[in-house]
Amino acid sequence: MEEQFRQKMYQQLMDMRSQILENILAESADFMAATSNDAVKDSVDLAANDVDIRLLETIGTQDVNRLKKVEAAIGRINNGRFGLCAKCSKKIDEERLRAIPYAPFCIHCQKGSELR
Ligand SMILES: [Zn+2]
């Protein structure tokens, strides 16, 4: 994979990540306000990028799943496996990555998992 493309995907994923985190924090503002848990309150004071993903799971918004996929894709960029299907290890089509930068599977494996 071209370094330039990889960089672009990385930037896109980081943008997505902060956007989702902003959504989650906005949605969970009431939860945060209502909680008496200091650990929760402390983490809200941190920058959005530092929010603990496990904490977000306890809040349980719909965005958390997407955030996990984005996080996983960022991890794959860092360990050099980005763009390779998590199931069959074949290259994921670049057009597909452009549309869904956090796609973990190639189109064939994705189709297969949707049938089940
Ligand atoms: Zn595959």
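The values are calculated or read from the model by the stated rules, or taken from the named source; none is laboratory data. Small disclaimer: the values here were computed from a predicted structure and weren't measured. Reconstructed Cβ throughout: ideal geometry from the backbone, glycine too, with neighbour counts over all protein chains shown.
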Inset, instruction - Out of the residues in the range 69-91 that are closer than 19 Å to residue 3 by Cβ and near the ligand (Cβ under 10 Å from one of its atoms), state the one that is surrounded by the fewest Cβ atoms within 10 Å (Cβ to Cβ). - result: 91
Inset, instruction - Look at the range 72-104 and say how many of its residues are of a type in the set (A, V, I, L, M) and in contact with a Leu (Cβ under 6 Å, 6 or more places away or on another chain). - result: 2
Inset, instruction - Those residues that are touching an Asp or Glu at 6+ places or on another chain (Cβ under 6 Å) and aliphatic (A, V, I, L, M), I need them from the range 1-27; list them, please. - result: 20, 24
Inset, instruction - Report whether or not residue 94 is within 15 Å of the ligand (Cβ to nearest atom), at pLDDT 90 or above and of a type in the set (Asp, Glu). - result: yes
